[in-house]
Amino acid sequence: MSTALPPTAPPDRHDAVTWGADPYADALRSGRGPLFLRRSDGWLLPLEVERWCAGADTADLSALRRCEGAVLDIGCGPGRLVAALAAQGRRALGIDVSAAAVARTAATGGSALHRSVFDSLPHEGGWDTALLLDGNIGIGGDPCALLARSAELVSRQGLLIVETTPEDVDERVQVRVERGYHPRTGTQRAPGAPFPWARVGAPALLRHAATAGWTPVEQWTVTDQTDRIPGAERCFVSLRGRARPTC
């Protein structure tokens, strides 16, 4: 499997202007939040920067154990999943629109390219498994389009593992990345530009997956009492390619 594309080539999607810029990049470089997605009505979704910048946890490992063959981590962030797979001797590549994320992935021993999922990627149609964890099913604000693109990236019978919200939601919104007030510095960076995002629970994901040419394999939930929020649930769905997408 070749990954010989230059990691500094600029992504060609709008998400590169948002996730690729401050304040997200600042948070990844420091490894600390607070960081949020702010919806236009003021609702805030906390982003778990500290967890993303730590090692793979129990819930992460439950997904990695199910991976098959060569793995593509879509929206790899600081690279904990790619690094964990590499440490197991697995072939894995992360892609992310944030140069800071790609750099941090490399520093942790993983391999990553500075790419959007909608850019040309190495080994298209040949990945055995693709990952959309940490809310990354929201990329681009159109889950069906993202699922259809993911079907182009994996092999004909390839596996896709998606993390969904615990709630039964199916929403498409405009959000901004916003760095919260930092008590050590006493500052709050201006929010990023607005961009489309989506949130889906398992029922909505399964509806979109059927349209995009995937068939469900398994659903599971991990409740890790060692998390920062005791009893917090993380929910996953695995899908297998079966047909040409219709969306």
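The values are calculated or read from the model by the stated rules, or taken from the named source; none is laboratory data. Keep in mind that this is a model prediction, so the values were computed, not measured. Glycine gets a Cβ as well: all are built from the backbone with ideal geometry, and neighbour counts include every protein chain shown. Calculation scope for accessible area: heavy atoms of the full protein, side chains included, ligands and nucleic acids excluded. Shrake-Rupley method; radii C 1.70, N 1.55, O 1.52, S 1.80 Å.
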(request) Select, from Ala27, Ala59, the only residue that is under 30 Å from Gly158 (Cβ atoms), in a helix (DSSP H, G or I) and in contact (Cβ under 8 Å) with a residue 12 or more places away in the chain. (result) Ala59
(message) Of everything in region 91-125, what is under 21 Å from Arg156 (Cα atoms) and either assigned to a loop (DSSP other than H, G, I, E, B) or modelled with pLDDT under 95 (or both)? Give them in sequence order.
(response) Arg91, Val117, Phe118, Asp119, Ser120, Leu121, Pro122, His123, Glu124, Gly125
(request) Only residues that are touching a Ser or Thr at 6+ places or on another chain (Cβ under 7 Å) and surrounded by fewer than 21 Cβ atoms within 10 Å (Cβ to Cβ): list them for region 87-122, please. (result) Ser111, Pro122
(message) All but one of (1) within 17 Å of Ser116 (Cβ to Cβ); (2) touching a helix residue (DSSP H, G or I) at 6+ places or on another chain (Cβ under 8 Å); (3) modelled with pLDDT of 95 or more hold for Ala193; state the number of the condition that does not hold.
(response) (3)
(request) Return yes when Leu64 is of a type outside the set (Val, Ile, Thr), modelled with pLDDT of 95 or more and open to solvent by less than 30 Å² (accessible area, probe 1.4 Å) and no when it is not. (result) yes
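Looking only at region 39-56, which residues are among the small types (Gly, Ala, Ser) and without any contact (Cβ under 8 Å) to a residue 24 or more places away in the chain?
Gly42 - this is the single residue of region 39-56 that is among the small types (Gly, Ala, Ser) and without any contact (Cβ under 8 Å) to a residue 24 or more places away in the chain.
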(request) Scan (1) more than 22 Å from Ala107 (Cα to Cα); (2) open to solvent by less than 20 Å² (accessible area, probe 1.4 Å) for the single condition Ser40 breaks and write down its number. (result) (2)
(message) Exactly one of these conditions fails for Asp128: (1) in a helix (DSSP H, G or I); (2) open to solvent by 20 Å² or more (accessible area, probe 1.4 Å); (3) in contact (Cβ under 8 Å) with a residue 60 or more places away in the chain. Give me its number.
(response) (1)
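Residues checked against (1) part of a helix (DSSP H, G or I); (2) touching a residue at least 40 places away in the same chain (Cβ under 8 Å); (3) not acidic (Asp, Glu):
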| position | (1), (2), (3) |
| --- | --- |
| Gly33 | no, yes, yes |
| Glu68 | no, yes, no |
| Leu72 | no, yes, yes |
| Ala86 | yes, no, yes |
